[in-house]
1. Across the range 338-359, what is the total count of residues that are part of a loop (DSSP other than H, G, I, E, B) and either of a type in the set (A, V, I, L, M, F, W, C) or closer than 11 Å to E373 by Cβ (or both)?
2. Assess whether M330 counts as being surrounded by 12 or more Cβ atoms within 10 Å (Cβ to Cβ), part of a loop (DSSP other than H, G, I, E, B) and not assigned by TED's automatic domain parsing to the domain that holds Y264.
3. Could you go through the range 322-337 and let me know if any residue there is free of Cβ contacts under 8 Å to residues at least 40 places away in the same chain, of a type in the set (A, V, I, L, M) and closer than 30 Å to H265 by Cα.
4. Could you please tell me which pairs satisfy a Cβ distance under 8 Å, a separation of 6+ or placement on different chains, a first residue in the range 410-426 that is assigned by TED's automatic domain parsing to the domain that holds V382 and farther than 8 Å from S361 by Cβ, and a second residue that is modelled with pLDDT under 75 and surrounded by 13 or more Cβ atoms within 10 Å (Cβ to Cβ)?
5. Before we move on, is V256 buried (at least 16 other Cβ atoms within 10 Å of the Cβ), in a loop (DSSP other than H, G, I, E, B) and of a type in the set (V, I, T)?
6. Residues in the range 291-306: is at least one assigned to a helix (DSSP H, G or I) and within 24 Å of G413 (Cα to Cα)?
7. List, please: which pairs have Cβ atoms under 7 Å, are six or more places apart or on different chains, and start with a residue in the range 216-236 that is in contact (Cβ under 8 Å) with a residue 40 or more places away in the chain and end with one that is part of a strand (DSSP E or B) and of a type in the set (D, E)?
Amino acid sequence: MSGSRIRPSRQVCSFAPPIRPSLAIRDRLQTAGRATCSSKCLQQAKVPQTRSYRPSLSQRCRVQQQRTFLTSSSKKSEPLPSVPADIAEQQSLIQTLYDSVSGDPRSTKKIPDEKDVLEVLRTYQAIVEKYPSNHERPVPGQGSKGTAGTATSAMLKAMHKDQPGTQIDPSDLLGDISERATQIMELPSVFISADILESYIKLQAQLNRPQNFPAIFDLYRNKPSPRPLNKEPYISFAAPSPNAPSVAVHPDVAEVALSAAIKYHSLPLALSIIDSTYCHKSYARFKIIKSAIVPIAGTFIAPVAAYTLANKFALIQTTMDTGHATTVAMAGIMTYIAVVGSMGYIAVTTANDQMVRVTWSSGMPLWERWVREEERAAVDRVAQAWGFRNRVKWGDEEGAEWDELREWAGVRGMVLDKVEFMQGME
């Protein structure tokens with residue numbers, strides 16, 4: 001016993017089960033605790049502190065989260081400007097904004113700035129936001145019964161419109177906005193930038209007036225660019241480059257325009273939008289520069305990099321001549337790059353999991369398949385919108401519009417409802 005160590009009283013080392021008080025003692029203690037509970041008792045009570053686990057982000061995750069936040073915040077659109085609530089003041093504001101950018105450069109001695117034109121279009125959009133129930137426009141050929149106006153009703157409406165104090169119809173106000181926005185785009189002194197085109201397309205899509213989208217896309221590519229001058233006539237024009245990749249319609253803008261045409265339920269308009277956006281040569285060049293420039297550059301850099309690595313490997317080995325070893329190593333590296341690159345190229349260009357109803361015809365070159373993939377996807381989207389919703393009925397559509405769509409796709413190397421890919425025909 002003299003050599004044994006005495007454990008301190010605070011440390012408990014016992015494997016015996018803890019002694020639990022009886023029910024009577026427990027009730028007595030609870031009653032006393034409720035009666036004498038005070039702040040002093042709470043301070044003196046020794047309650048075991050429990051540690052709660054809070055997951056923390058690493059430094060790398062914090063940087064990625066910050067980058068994501070900055071990227072998402074930069075993509076957020078600015079709030080629309082405030083507009084008056086009175087419809088008469090709104091109509092006056094529409095004309096005032098149009099006059100502010102439609103002045104003759106000879107009198108104003110300047111051309112409209114891009115920021116000013118964007119502010120006008122955004123103000124028009126803010127006015128349109130105040131009339132959500134008047135955005136919808138009757139689809140051609142789907143006029144409702146009882147709403148068709150006669151000549152007498154149209155004449156009476158015009159007479160009431162000319163009378164002073166008559167309330168302005170919101171549909172007329174929205175039509176005026178659409179007309180003024182189109183006139184701004186057609187002004188020779190207004191340069192149509194990518195942001196202006198996007199703002200205009202969104203405005204007209206919100207108004208459900210997509211009829212002039214193909215003409216605006218052609219104007220965007222072929223309109224001469226105005227340049228300011230310090231002397232009369234204070235404006236000059238640069239020749240357009242309709243096939244340049246800088247004038248290609250952005251895929252997001254083309255998607256908004258196509259969605260508006262599908263909502264308007266006009267097949268010729270939807271096909272015209274596809275023809276003026278995805279089918280144009282400028283879009284193909286834009287896609288090549290955006291997506292294929294890095295692989296193409298790597299193809300030209302690969303031989304130089306392979307020769308450099310082969311030369312380094314040849315200096316390390318001692319089994320053969322340095323020149324012969326360099327040749328063998330370079331041949332092996334280039335063979336590996338060629339095989340892996342070819343397999344990746346074939347996998348990318350022959351992928352068909354995204355195809356639903358429109359596929360490529362046999363014999364279409366792989367490069368052309370990749371370049372025109374957005375065009376095929378747009379035609380596929382139109383086919384799904386005009387065809388049956390039930391997948392079992394696919395292939396049973398008929399009519400003039402469906403035959404036109406099938407012929408339009410066939411001329412461009414596409415097949416609508418290919419038998420091998422239909423359900424149950426694999």
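1. 5
2. Answer is no for this residue.
3. The answer is no; no qualifying residue exists.
4. Once the first residue is assigned by TED's automatic domain parsing to the domain that holds V382 and farther than 8 Å from S361 by Cβ and sits in the range 410-426, no partner that is modelled with pLDDT under 75 and surrounded by 13 or more Cβ atoms within 10 Å (Cβ to Cβ) comes close enough.
5. no
6. yes
7. Matching pairs, first to second residue: none at all.
The values are calculated or read from the model by the stated rules, or taken from the named source; none is laboratory data. The structure presented is a predicted model; accordingly, all values stated were derived computationally and were not measured. Neighbour counts are summed over all protein chains in view; Cβ atoms, including those assigned to glycine, are modelled from backbone coordinates with ideal geometry.
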